[in-house]
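Take a look at the structure below.
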């Protein structure tokens, strides 16, 4: 995604938030938010085209964006930044805290940060305040805790974009990221970059525009804090030790301890410089050589969590992990008929350009009322899909739907309507705080619906914003295995849902999976690489993942 698009969208989103905080018209707030989403998801660089080409960008917004592209801001944004105190803006970052309450807390109580709000709640200063009942205060306290946790870590989409920006900005013979990012963890604390390069790379690194503060500077290692608040460590390593350094700095700590103990038992020493027998180098240049010298299979980075991979590699029993290239399609995508920002034709063409054998369009169903979907609109879309099919002879277009799982486990349409869709994804979009046993029954009822093929983003979590629902996952996965319902690995990086620990549990119960992008714009299709990372962390093979199967096997699974 073009950086200009991201930055312009972020500025417009900030403007929408500030506009809402100053009592701006809700309709205009929504139009700014929609335009921000459209700019972020636009496939071309808006600095190189007329921004009016972006859907939802009218003349007024276009002028703001042109000014932003020239000088990094626009007059109306500067004006609002001056009018809204920083304290109010800080408060609105607390999940579930709206602008009106933030202003009231700031003006009436002098509360100007999430920390100050937490202290006021704990001290009972807000007890009995109109509109802030005990339940609301409890939710706010929970929101502050979530915010604190997420402030220390970011989701993989944010971290990967930053790592790739850093690597693209530096000259090196060889450069790569290590640490938890290379292990494809869903949240990342800081970024480790290794480079084979001249020491002058350190000076170049410190001078980059994304550097806000230099934490530590040396010839071999420099740590900086970026403008987004993340720490990035850059380390120069000798070319001959690349593999050993990569192995060492990728981790995890527990995996590395197990590997080092094996070396010690052989009378060898393993460090970031290589595997040594006294002074003699046994292996150093590649990770593969190091694992081979220790008598084990190469362990892919996402598996290196000391979860049994060392023993399996010694026995030669590591599975052939799912690879991005194994995916033959995407079974959960949206268009501008509901909350996507690109047309059916453009989304399908983008799927075909990725070389897919099949591609499912799954716009929302009517019970998500804000999407204003109807059966007539869905059937009309089906006709457009049929008309598009001849244009894409190498790719089967599947007409699907994303259903809503109601609190009682029922979904939007009756069976006679559902049976006419090629694929039905069913997801929870509301009533997230139901008691555990009721939530469990809700999911099991959806699995038992003969027309539901896939449970979408099962835990419903949004990293840093919404906790996972409370449910008995063992019971749900048993039901899914029994009914032949796939569980989704939603690759959208702020969801990463199912998380890898639950994927492993579901696999243990015999469940199959669908690694989907949940795309709402063309650039989102590329998110599947994050879902593949989750699948690899959970030891999945291509056989476990229904959208890695040939079309005929997939259609047989879908019962279509």
*In the list 326, 330, 346, which residue meets the criterion of being in contact (Cβ under 8 Å) with a residue 24 or more places away in the chain and over 21 Å from the mean Cα position of the chain (by Cα)?*
346
*Within segment 96-115, is there a residue that is outside the structural domain of residue 24 (by TED's automatic domain parsing), within 25 Å of the chain's Cα centre (by Cα), part of a loop (DSSP other than H, G, I, E, B) and over 13 Å from residue 144 (Cβ atoms)?*
yes
*For the subset of segment 181-206 comprising residues that are part of a loop (DSSP other than H, G, I, E, B), over 24 Å from the mean Cα position of the chain (by Cα) and modelled with pLDDT under 95, which member is surrounded by the fewest Cβ atoms within 10 Å (Cβ to Cβ)?*
199
_residue 384 more than 24 Å from the chain's Cα centre (by Cα), farther than 25 Å from residue 446 by Cβ and not assigned by TED's automatic domain parsing to the domain that holds residue 39_ = yes
_When you scan segment 430-440, do you find a residue that is at pLDDT 95 or above and in a strand (DSSP E or B), even just one?_
no
*Would you mind telling me which numbered condition in (1) within 30 Å of residue 239 (Cα to Cα); (2) in contact with a strand residue (DSSP E or B) (Cβ under 7 Å, 6 or more places away or on another chain) residue 168 fails?*
(2)
*With respect to residue 217, is the statement that it is surrounded by fewer than 16 Cβ atoms within 10 Å (Cβ to Cβ), within 27 Å of the chain's Cα centre (by Cα) and at pLDDT below 95 true?*
no
*Out of curiosity, is residue 132 surrounded by 12 or more Cβ atoms within 10 Å (Cβ to Cβ), modelled with pLDDT of 90 or more and part of a loop (DSSP other than H, G, I, E, B)?*
no
*Could you tell me which of the residues 52, 89 is over 21 Å from residue 520 (Cα atoms) and not assigned by TED's automatic domain parsing to the domain that holds residue 227?*
89
*Just checking, how many residues over segment 222-239 are more than 18 Å from residue 164 (Cα to Cα) and either surrounded by 13 or more Cβ atoms within 10 Å (Cβ to Cβ) or touching a helix residue (DSSP H, G or I) at 6+ places or on another chain (Cβ under 7 Å) (or both)?*
2
_Taking the condition of being part of a loop (DSSP other than H, G, I, E, B) and either in contact with a strand residue (DSSP E or B) (Cβ under 6 Å, 6 or more places away or on another chain) or over 26 Å from residue 183 (Cα atoms) (or both), how many residues in segment 459-490 meet it?_
8
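The values are calculated or read from the model by the stated rules, or taken from the named source; none is laboratory data. Since we're looking at a predicted model, the values are computed, not measured. Note that we place each Cβ from the backbone using ideal geometry, even for glycine, and neighbour counts take in every protein chain shown.
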